[in-house]
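Nothing in this text is a laboratory measurement; each read-out follows from the coordinates by a stated rule. Fair warning: this is a prediction, and the values are worked out from it, not measured in the lab. No Cβ is skipped: glycine too gets one built from the backbone with ideal geometry, and neighbour counts run over all protein chains shown.
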Amino acid sequence: MTTGADMTRDGMRLAATVLLLRDGRDGLETLMMRRPKRGSFADAWVWPGGAVEASDGGAVNHEHPAAERQITSAAAVRELREETGLRVEANALHPYALWSPPQHSMPKFRTWFYIATEYCGTPRPQLSEVAELAWVRPDEMLAAHERAERTLIVPTWVTLWQLMQLGSSEAVLTHVANTPFEHYETRQVAEQRCYWFGDSQWQIDELGTASRPAARHRLETGERPWRYIRDFE
């Protein structure tokens, strides 16, 4: 994970991550890495990725989302190569989701998640950034998290849960092609619960009244296994 000074709206820096997928003998697999026990996301299992740098395309014109996609896809290609030794073409990346953290989080990264099924090269983990690199099944990683054997952060957990529901790389690509791109702008009203757009608690007015009819789009993290709840489509 490299650093840079490029910023995006609301004081958040841009970042990108790459979800490499393949179909293994027992189902869908994705390439994940465990971060070292110090630094950002210490000891957590994540996908290769990091902050946008000036070399990825410079400043962003926020009136043109395509420009943001262009520089984050360039960052995704670069970070994958630096951290794993694997290569992917920018035009082989499929935008999957955009994640923004709660307002109080520091540092703040506005992170684009990209899907890729076409790549080349031999895995060569960057030792300063990668403690472990492995192809894993989403269901196995979630089960290990439930047993407290693996550390996962919220966007990673939710994405693994979604991949588990889809079950194959073809199903994931079909989903991406036919589902509107989604921005997970996180609200963490309760310490053990995260909310996203569509949840009645996502936006509360000054009187403490929910701004939308009762609905749920949230992650409950009070106990394991965590529970992702979405009542609407």
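Miscellaneous remarks
- Other residues whose C-beta falls under 15 angstrom from the C-beta of residue 27 contribute a net charge of -3, scoring Lys and Arg +1 and Asp and Glu -1.
- For region 68-135, the extents of the C-alpha atoms along the principal axes are 39, 29, 20 Å, listed from largest to smallest.
- Over the chain, the reciprocal of the mean inverse Cα-Cα separation, the Kirkwood hydrodynamic radius, stands at 18.4 Å.
- Between residue 203 and residue 144, the distance separating the two model label sites (each 7 Å from Cα on the Cα→Cβ line) works out to 3.9 nm.
- Expressed to the nearest 5 percent, the antiparallel share of DSSP beta bridges inside the chain is 70 percent.
- Positive contributions from Lys and Arg (+1) and negative ones from Asp and Glu (-1), summed over other residues with Cβ under 12 Å from the Cβ of residue 166, come out at -3.
- Structural descriptor for the chain: relative contact order 20 percent, calculated from alpha carbon pairs under 8 angstrom and at least 6 residues apart.
- With a cut-off of 11 Å between beta carbons, the residues surrounding residue 17 carry a summed charge of -2, where Lys and Arg count +1 and Asp and Glu -1.
- Gyration tensor (alpha-carbon) shape descriptor, region 75-182, a/c threshold 1.5: rounded
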